[in-house]
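Peer 1: Got a structure for you, written out below as structure tokens; questions coming shortly.
The values are calculated or read from the model by the stated rules, or taken from the named source; none is laboratory data. Note that this is a predicted model, so its numbers are computed, not measured. A quick note on method: Cβ atoms are made from the backbone with ideal geometry, for glycine too, and the neighbour counts reach across all protein chains shown. The area values use the complete protein model at the heavy-atom level, side chains included, leaving out ligands, DNA and RNA. Shrake-Rupley method; radii C 1.70, N 1.55, O 1.52, S 1.80 Å.
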Amino acid sequence: AQSVTQLGSHVSVSEGALVLLRCNYSSSVPPYLFWYVQYPNQGLQLLLKYTSAATLVKGINGFEAEFKKSETSFHLTKPSAHMSDAAEYFCAVSDTAGNTPLVFGKGTRLSVIA
Amino acid sequence: GAVVSQHPSWVICKSGTSVKIECRSLDFQATTMFWYRQFPKQSLMLMATSNEGSKATYEQGVEKDKFLINHASLTLSTLTVTSAHPEDSSFYICSAASGRALNEQFFGPGTRLTVL
């Protein structure tokens, strides 16, 4: 079974500050890991994904995440927050074969303060 | 590419009526489609997985007779909420997988259902 834990249901940062959203996973098989962003009343947009290639994954909008097997973590970062980054962020895990659907974390709401 | 649409984007209905939500893959063939439900300030919960031409697989606790899923073609899946009640009010999101890998999903924009 696979699961995802997102630490912090709400994170607030100042505009221009570092964004760090935490995600830890549990998986009995090598995982694929994903970060999605959701704006109010919209569907999910893929930010980035880890698929067992490079451990540091770069995504859209300046986000990146690093896969750390020893820590079972896949934290999302962005060096400088922008007001438009305010949204809900979901971490998700699946198996590498793609035989199972995505399992989502509970989400972290990011607020950006001017 | 890989665009998924949903219709309607929002719907308000009276208790006891049925509502149909459509999910379409616009520029690819989706062998598998997924339906999620998202309550306010919560995560996405998978309701069911449907493969074209076969019966949907429902997650534990999801009433298959209440949430009817039809996946009649490689570009269209529908979710019908039968005899809707206020507790069915939620945000329903579909996603589609273009290939064998179920983790390569493309999400629709969601449908907001409000049952009065």
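Peer 1: Return the total of residues in the stretch B:78-105 being closer than 27 Å to A:Tyr32 by Cβ and away from chain A (no Cβ under 14 Å).
Peer 2: Counting residues in the stretch B:78-105 that are closer than 27 Å to A:Tyr32 by Cβ and away from chain A (no Cβ under 14 Å) gives 1.
Peer 1: Could you pull out the residue among B:Ser95, B:Ser77, B:Ser89 that is more than 13 Å from the chain's Cα centre (by Cα) and either surrounded by 18 or more Cβ atoms within 10 Å (Cβ to Cβ) or of a type outside the set (Lys, Arg) (or both)?
Peer 2: Every option except B:Ser89 fails the conditions.
Peer 1: Does the stretch A:8-30 include one or more residues that are of a type in the set (Ser, Thr, Tyr), under 19 Å from B:Ser95 (Cβ atoms), in contact (Cβ under 8 Å) with a residue 24 or more places away in the chain and open to solvent by less than 30 Å² (accessible area, probe 1.4 Å)?
Peer 2: no
Peer 1: If you don't mind, there's one more thing I want to ask. Could you list all residues from the stretch A:6-24 that are in a strand (DSSP E or B) and modelled with pLDDT of 95 or more?
Peer 2: Those that are in a strand (DSSP E or B) and modelled with pLDDT of 95 or more: A:Gln6, A:His10, A:Val11, A:Ser12, A:Val13, A:Ser14, A:Val19, A:Leu20, A:Leu21, A:Arg22, A:Cys23, A:Asn24.
Peer 1: To continue, here is another question. I'd like the full set of residues that are in contact (Cβ under 8 Å) with a residue 24 or more places away in the chain and of a type in the set (Lys, Arg), limited to the stretch A:31-85.
Peer 2: Selection gives A:Lys78 alone.
Peer 1: Related question: Looking at the stretch B:59-74 only, could you name the residues that are open to solvent by less than 50 Å² (accessible area, probe 1.4 Å) and over 22 Å from B:Leu26 (Cβ atoms)?
Peer 2: Of everything in the stretch B:59-74, those that are open to solvent by less than 50 Å² (accessible area, probe 1.4 Å) and over 22 Å from B:Leu26 (Cβ atoms) turn out to be B:Val62, B:Lys66, B:Phe67.
Peer 1: Taking B:Gly108 as meeting all but one of (1) away from chain A (no Cβ under 14 Å); (2) within 13 Å of the chain's Cα centre (by Cα), write down the number of the exception.
Peer 2: Checking B:Gly108 against (1) away from chain A (no Cβ under 14 Å); (2) within 13 Å of the chain's Cα centre (by Cα), the one that fails is (1).
Peer 1: Further, regarding this structure: Give the number of residues within the stretch B:28-48 that are over 15 Å from B:Leu74 (Cβ atoms), of a type outside the set (A, V, I, L, M) and at the interface with chain A (Cβ under 10 Å from one of its Cβ atoms).
Peer 2: 5
Peer 1: Failed condition for B:Ser73, given (1) under 16 Å from B:Ser5 (Cβ atoms); (2) in contact with a strand residue (DSSP E or B) (Cβ under 9 Å, 6 or more places away or on another chain), with all others met?
Peer 2: (2)
Peer 1: Can you find a residue that is more than 11 Å from the chain's Cα centre (by Cα), under 30 Å from B:Thr31 (Cβ atoms) and of a type in the set (A, V, I, L, M, F, W, C) anywhere in the stretch A:24-42?
Peer 2: Yes: the stretch A:24-42 contains one or more residues that are more than 11 Å from the chain's Cα centre (by Cα), under 30 Å from B:Thr31 (Cβ atoms) and of a type in the set (A, V, I, L, M, F, W, C).
Peer 1: Now, a different point. Exactly one of (1) assigned to a loop (DSSP other than H, G, I, E, B); (2) open to solvent by 40 Å² or more (accessible area, probe 1.4 Å); (3) within 14 Å of chain B (Cβ to nearest Cβ); (4) not β-branched (Val, Ile, Thr) is unmet by A:Pro101. Its number?
Peer 2: Here A:Pro101 meets the rest and fails (2).
Peer 1: Would you say A:Asn61 is in a helix (DSSP H, G or I) and open to solvent by 40 Å² or more (accessible area, probe 1.4 Å)?
Peer 2: yes
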